[in-house]
Amino acid sequence: MEVVKNQIDDLNLTLNISISKEDIAESVEKTLKNYRQKAEIKGFRKGNAPMGLIRKMYGQAVLADELNKSVGKALSDYIENEKLNILGEPLPNEGTKTIDLAKDEKFEFAFDLGLAPAFEIKLSKRDKLNKYIVKAEDKDVEKYIENYRSQYGKYEDVKKATAKSLLTGSLTQIAEDGSEIEGGIKNEEASLAIEFIKDAKIKKQFTGATVDTIIDFDIKKAFEEEAKIAVMLKVKKEEVANMTPNFRLVVKTVKEYKQAEINQDLFDKCFGKDTVKNEEEFKTRIAEDISASFKRESKYKMMLDLKEKLTKKLDLKLPEEFLKRWVKVTNEKLTEEEINNEFPKFLDDLRWTLIKTKVAKENDIKVEKEELEKAAKDMVLMQFAQYGMSYIPDEYADKYAKELLQKEDEVRRIYEHELEDKVVDFLAEQVKLEDNEINVDEFMKLFK
């Protein structure tokens, strides 16, 4: 077996691998003997079929398999021994000749490799970077308060229905003459939100309703969407299409959603018992939470700025033709147009990945187990916060975090995110950070 390197330029090379049948004859023979021991062929006892028959039946398949193994090992060994920093995976050279397993005694393979560029990262305090500090304004705090009040509000009984009321009662299918259809659809515990009624005339029928009010209406005109009607009537969606649409509602309750009052009960639901004790503390805590919630986004913006600064400064050259071939091979479903549109972003992301990897390796930056566990818990808390649950007990957060860390893909994703955070922190220490206080609206515009 022979491996010959053909260095095309600093970023591209071709490895020519030559393997003769003699090089792998021992492995082929060993595999065929194993086949013979296990083969169950009609007319022969298990393990006693002639080797000639085994070679005829399995010889070429075993030869092809051993060739693939040998070529793969030769490639990986050469890359490891020569310490080649390759990008993507080796690709078969487009000029490789077709081999004939039956006739050839020697087999020639050629693989193209794309190499990562060599580079040095040099930053100093002459390099400047914005550190954005997002401050909450009164309107931001009020918006959060309204969201909390809506989240923890509840339906209360009212005497007369408005456009925002929720009616409950019995819904009964009726004929054109107003009589109840025998065996027709009936739901004794139906709920109906007036604001979702599409037809203006029907909506007017419901507005002003009180307990015991009787309303006859066309349910298909009122709500239009068959899925909503099916849920309201507790029937299958398929039944809605051909059913008689006339229904009678006998109102049992009239309710309206009332926002929660700003009091200790709301403070406790939002932040835990007695953590906040008055409205002033409530607003202060919300403002702090808003600013804190933007720390991750601020860090992300710093990462984007660092990425842009370093990729421009280093101007890393990449084996673009090789990489485009590799992207096509590994993403067969993508069209040529899609590849061309996404390729510049792919190259920028790859450059940033090379920079991150080099910084982490040269400075021994790692993510420890405890840091991974904390990051998983923070992610769980953030997910709950997105649903308006800003406070959950530690035992629940720990439980969900442990479940998250049972998933290999999630562990990898969290690890890469935390490693990137550490790399950004390290790089930020090398430059001059300039505090830039900014409001929420101004900060969000930076991403447009």
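The values are calculated or read from the model by the stated rules, or taken from the named source; none is laboratory data. Since the structure is predicted, the reported quantities are computational estimates derived from the model, not experimental observations. Please note: Cβ atoms are built from the backbone with ideal geometry, for glycine as well, and neighbour counts cover all protein chains shown. Only protein heavy atoms, including side chains, enter the accessible area calculation; ligands, DNA and RNA are left aside. Shrake-Rupley method; radii C 1.70, N 1.55, O 1.52, S 1.80 Å.
Starting from the Cα of Lys56, draw a straight line to each of the aspartates and glutamates and keep only those under 18 Å, dropping any in the same chain fewer than 8 residues away.
The reachable aspartates and glutamates, counting only those whose Cα sits under 18 Å from Lys56, are Glu26, Glu29, Glu40, Asp65, Glu66, Asp100, Asp104, Glu105.
Using 0.36 nm per residue, how much length does the chain from Asn68 to Lys46 gain when fully extended, once their Cα-Cα distance is taken away?
5.1 nm
Where a Cα-Cα gap under 21 Å defines reach, which lysines qualify for Lys159, not counting those fewer than 8 residues away within the same chain?
Counting by Cα, and skipping residues close in sequence, Lys159 has these lysines nearby: Lys203, Lys204, Lys252, Lys255, Lys258.
Using the beta-carbon distance between Ala227 and Asn263 and R0 = 56 Å, what value does 1/(1 + (r/R0)^6) give for FRET efficiency, to the nearest 0.05?
Working: r = 39 Å, r/R0 = 0.69.
It comes to 0.90.
Using a 7 Å offset from the Cα along the Cα-to-Cβ direction at both Phe119 and Asp138, what is the distance between the two label points in nm, to one decimal?
Result for the modelled spin labels: 4.9 nm.
State, to one decimal in nm, how far the label point of Leu433 lies from the label point of Lys186, with both points 7 Å from Cα in the Cβ direction.
With each label point 7 Å from Cα toward Cβ, the separation is 7.0 nm.
Could you list, in their original order, any pairs among Lys317/Lys358; Lys277/Lys377; Lys301/Lys432 whose Cα atoms are separated by more than 20 Å?
Check vs 20 Å cut-off fails for Lys277/Lys377.
Let's test this: bin the Cα-Cα distances of the stretch 307-426 at 5 Å from zero up to the farthest pair and state each bin's percent.
Going out from 0 Å in 5 Å bins, the stretch 307-426 shows 2, 9, 15, 14, 13, 14, 13, 11, 5, 2, 0 percent.
Assuming R0 = 41 Å, can you tell me the calculated FRET efficiency for the pair Glu108 and Lys399, based on Cβ-Cβ distance, to the nearest 0.05?
That gives a FRET efficiency of 0.10.
Identify the chymotrypsin sites (Phe, Trp or Tyr not before Pro) of the stretch 374-448 meeting these criteria: DSSP loop state and at most 12 other C-beta atoms within 10 Å of the C-beta.
Tyr387, Phe447
For the chain, what's the relative contact order in percent, using C-alpha pairs closer than 8 Å and at least 6 residues apart?
Working: 577 pairs, mean separation 84.6, N = 448.
Once divided by the residue count of the chain, the mean separation gives 19 percent.
So for the stretch 1-63, what are the equivalent ellipsoid semi-axes in whole Å, largest first, each being the square root of 5 times an eigenvalue of the Cα gyration tensor?
Details: eigenvalues 308, 19, 13 Å².
Over the Cα atoms of the stretch 1-63, the semi-axes work out to 39, 10, 8 Å.
For the chain, with every protein chain kept in place, what is the accessible area per residue (1.4 Å probe, Å²)?
For the chain, the solvent-accessible area averages 63 Å² per residue.
Which entry in (1) 21.9, 74; (2) 23.6, 75; (3) 34.7, 95 is this structure's computed Rg and Dmax of the Cα atoms in Å?
(3)
Would you calculate a helix-derived [θ] at 222 nm for the chain, using -39,500 (n - 2.57) for each DSSP H run of n ≥ 4 and dividing by the full residue count, to the nearest 500?
Result for the chain, helices only: -16500 deg cm²/dmol.
Which FRET efficiency value, to the nearest 0.05, is calculated for Asp177 and Glu146 with the Förster distance at 60 angstrom and r the Cβ-Cβ distance?
0.80
Show me, bin by bin at 5 Å from 0, the whole-percent P(r) of the stretch 34-114 based on Cα pairs.
3, 12, 17, 16, 13, 11, 10, 8, 6, 3, 1
Roughly how far apart, in whole Å, are the Cα centres of the stretch 330-388 and the stretch 148-175?
Taking the Cα centre of the stretch 148-175 as reference, the centre of the stretch 330-388 is 47 Å away.
Projected area of the stretch 149-280, taken from the Cα convex hull and averaged over every viewing direction, in nm²?
10.0
Express in whole angstrom the spacing between the alpha-carbon centres of the stretch 1-54 and the stretch 223-243.
64
Could you check the spin-label model distance between Lys236 and Gln406? Points 7 Å from the Cα along Cα→Cβ, value in nm.
If labels sit at Lys236 and Gln406, their model points lie 3.5 nm apart.
Compute the long axis of helix 51-81 from its Cα atoms, compare it with the longest principal axis of the Cα atoms of the chain, and write down the angle in degrees, 0 to 90, nearest 10.
Tilt relative to the chain: about 80 degrees.
What number do you get for the stretch 290-363 when its Cα radius of gyration is normalised by 2.2 N^0.38 Å, N = residues? Walk me through the numbers on the way to the answer.
Values: Rg = 15.6 Å, N = 74, 2.2 N^0.38 = 11.3 Å.
Against the empirical 2.2 N^0.38 Å value, I get 1.38 for the stretch 290-363.
Can you give me the relative contact order of the stretch 205-339 as a percent, contacts being Cα pairs under 8 Å and 6 or more apart?
It rounds to 16 percent for the stretch 205-339.
Gaussian network model of the chain, Cα springs within a sub-10 Å range: biggest mean-square fluctuation belongs to which of Glu368, Glu321, Glu40?
Largest GNM mean-square fluctuation: Glu40.
Considering only Ser291, Ser20, Ser150, give the residue with the highest GNM mean-square fluctuation for the chain, with springs between Cα atoms whenever their separation is below 10 Å.
Its mean-square fluctuation being the largest, the pick is Ser20.
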